[in-house]
Amino acid sequence: MPHTTTSPSQNTLLSRARWTWWEVLLWALALASPLLLSSHALIINEIAIVALFALSLDLILGYTGIVSLGHAAFFGMGAYSAALFAKHFMPDPLVGLLVGMGTAGLLGALCSATILRGTDLTRLMVTLGVGLILMELANKLDWLTGGADGLQGVVMGPLLGRFEFDLYGRVAAWYSLTVLLIVFVVARRFVSSPFGATLKAIRDNRLRAMAIGISVNSRLAVVYTVAATLAGAAGALLAQTTGFASLDVFEFHRSADVMLILVIGGVGWLYGGVAGAIVFKLMQDTISSITPQYWTFWIGLFLVVLVLVGRERLIRPWTWFGAKGKKSGGAP
Amino acid sequence: MLTILFDGIAYGMLLFILAVGLSVTMGLMNFINLAHGAFAMVGGYITVLLMQKFGVPFLVCLPLAFLGSALLGAVLERTLYRPLYHKPHLDQVLFSIGLTFMAVATADYFIGSSQQIVQLPEWLKGRTELGEGAWMLGMGHYRLFIIAVCAALTVGLQYVLTQTRFGSRLRAAVDDQRVAAGLGINVNWVFLGTFAVGSGLAGLGGALGAEVLGLDPSFPLKFMIYFLIVVAVGGTSSITGPLLAALLLGIADVAGKYYIPKLGGFVVYSLMIVILVWRPHGLFVRKGGK
């Protein structure tokens with residue numbers, strides 16, 4: 001895309017990407033949070049990772065309208081390749097992160113061929129299938145991945161050669177938050193570019209998008225690859241900051257959770273993933289400390305209520321007692 | 001070798017009963033219902049509990065499992081599912097995943113997470129062997145029974161869908177709801193009935209399959225993917241599509257697990273992806289349909 005002149009339409013697109021003062025404040029607070037809430041650094045790290053994962057799903061679900069139940073495939077791919085790289089080649093976190101992103105992106109590029117055709121159902125099945133195949137592989141190739149026991153003994157070197165990962169997870173939290181911030185900035189620029197605008201056109205009406213000359217298939221392939229790369233980054237961060245990778249990263253509930261996170265926060269809005277991640281993790285933490293075993297029941301109930309009340313209405317409580325007089329179920 | 005084929009067919013037939021209800025709701029009513037496995041689990045638990053607690057004979061349990069799940073399906077259709085027919089697929093996926101999660105946790109809470117065992121009656125326990133050597137055919141009686149039940153059901157369903165008044169009403173309602181309603185067909189009732197029968201069939205499949213597939217609270221999640229494969233690969237044009245897909249899947253799965261156990265489910269998933277990339281709407285597409 002050449003940027004020789006700035007046309008008015010380009011300005012409108014870019015104005016949406018401009019930063020406001022409250023956003024700067026928000027990110028400053030987020031980056032200060034490992035210091036302010038130093039005893040909760042571990043969960044802050046987790047939230048940042050999950051937020052990054054949800055953000056990557058938003059690119060394909062929210063901005064392009066591809067329903068995917070197998071996004072964990074890329075998350076897991078990033079986690080395992082970063083962990084393996086650290087174990088066998090080099091313990092440097094940043095290089096490992098790039099490796100995780102690279103392999104996940106490569107996988108995404110390969111898989112992007114499978115989402116181009118068919119209906120929502122076909123895409124659900126194919127994405128689900130890819131996730132399951134990878135899980136099956138990670139399970140069976142136990143000489144490489146440790147099978148069902150997970151990949152243990154991953155030791156990370158210090159970040160930038162200076163900051164050691166500490167037990168309280170403070171460095172880990174800063175690391176994840178910084179990556180999240182960088183990715184967020186890039187993703188925002190990406191979706192507010194003309195390319196991002198064409199994605200939304202494809203989401204809203206694929207046929208019309210094709211008619212005005214957008215090459216739908218290549219755009220879908222590109223955005224799928226980008227989303228896969230970012231999901232790989234999230235997975236790599238998880239493996240690096242916990243020093244562990246297990247089959248859990250590929251499981252179906254990961255894909256379902258991240259979809260839920262995104263939906264809680266709001267689809268098609270980059271802060272949606274971040275907001276959803278905060279709400280979801282805090283909810284999970286609270287509920288599972290009350291009933292550790294049956295936490296899935298409450299999350300199920302939450303999902304059902306969420307859909308019945310309406311996704312759009314749940315995040316706007318003032319519309320609950322609107323014209324239709326429909327009562328809300330509220331959150332559990 | 002023939003034994004593997006036979007077991008594969010029996011397994012496929014079982015998957016067919018489990019999935020055919022889903023193929024109707026998903027394919028015809030255009031609702032992505034991931035909670036279908038939960039109905040199957042309900043049928044399975046009805047059978048297990050009736051047999052263990054009340055000593056009801058196995059053959060009596062099967063229709064009860066059907067009725068129980070059908071009733072549950074009808075109630076849920078009327079209360080929860082109906083408002084979602086015209087919502088986007090994302091909403092339907094989220095809703096039915098939520099329902100599945102709730103079912104799993106509820107079963108865990110009330111019945112416990114251990115695997116349940118079905119005590120088959122004596123006459124279903126044996127095994128008949130025919131032939132010699134590599135071509136030996138060993139038929140478990142229970143698997144023969146499953147095949148017989150499925151064959152009867154398939155013929156019955158095909159008859160209902162193509163020959164009866166209800167079948168033609170259903171097909172009309174599916175093709176164009178407004179016109180069907182204009183012709184005096186009560187679309188709501190047709191969909192309610194269809195959904196109930198679909199859930200009932202899932203329950204029956206769960207009851208029949210409890211012995212073969214195993215029954216524990218994670219059943220809906222564990223087998224959800226198999227039902228979905230049957231429906232996605234088979235297409236929704238008729239019941240022959242899902243039937244053939246279920247048989248293919250059953251044979252591929254049994255043979256794959258027997259010959260290359262190291263790869264496990266790998267064969268089935270890869271087969272599905274290849275088929276879906278090759279024919280995104282399934283192997284058999286209804287002409288002129290949606």
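Every number here is computed from the coordinates shown, using simple stated rules; none is lab data. Quantities reported herein were computed from a predicted structural model and do not represent experimental measurements. All Cβ positions, even for glycine, are placed from backbone atoms using ideal geometry, and neighbour counts span all protein chains on display.
Using C-alpha pairs under 8 Å with a sequence gap of at least 6, the mean separation divided by the residue count of the range B:1-128 gives a relative contact order of 30 percent. Sequence-distant contacts, meaning Cα pairs under 8 Å at least 6 residues apart, place the relative contact order of chain A at 31 percent.
Per residue, chain B reaches -23000 deg cm²/dmol at 222 nm when only DSSP H runs of four or more residues are counted, each adding -39500 (n - 2.57). The Cα-based radius of gyration and maximum Cα-Cα distance (Dmax) for the range B:133-181 are 18.5, 61 Å. Taking Cα atoms only, the orientation of helix B:2-22 departs from the longest principal axis of chain B by about 20 degrees.
Screening chain A for DSSP H helices whose Cα atoms reach 18 Å or more along their own axis and whose mean Kyte hydropathy is at least -0.5 gives A:21-36, A:41-61, A:72-88, A:93-111, A:120-140, A:170-191, A:216-242, A:252-265, A:270-290, A:295-309. For chain B, list log₁₀ I(q)/I(0) at each q in 0.12, 0.16 Å⁻¹, using the Debye formula over Cα point scatterers of equal strength and ignoring solvent, two decimals each. Each listed q corresponds, in turn, to -0.77, -1.35. Taking trypsin sites (Lys or Arg not before Pro) as exposed when their DSSP state is a loop state and no more than 12 other Cβ atoms lie within 10 Å, the longest site-free interval of chain A runs over A:163-323.
Note on residue B:152/residue B:56: beta-carbon distance plugged into 1/(1 + (r/R0)^6) with R0 of 30 Å gives a FRET efficiency of 0.85.
Computed from Cα atoms, the angle from the helix B:219-234 axis to the main principal axis of chain B rounds to 70 degrees.
Exposure proxy for B:29, A:283: other Cβ atoms within 10 Å of each Cβ, ordered fewest to most, give A:283, B:29. The residues A:155, B:274, B:254, when put in order of fewest to most other Cβ atoms within 10 Å, stand as A:155, B:274, B:254. Bridging of residue B:125 to aspartates and glutamates at a Cα separation below 12 Å is possible for B:211, once same-chain residues fewer than 8 apart are set aside.
The H on the amide N of residue A:245, modeled in the peptide plane, is under 5 Å from the matching H of A:151, each at least 5 residues off or on a different chain. Annotation: amide H-H contacts under 5 Å for residue B:186 (H modelled 1.01 Å from N, sequence separation of 5 or more, or interchain): none.
Over chain A, dividing the summed -39,500 (n - 2.57) contributions of all DSSP H runs of at least 4 residues by the number of residues returns a 222 nm mean residue ellipticity of -22500 deg cm²/dmol.
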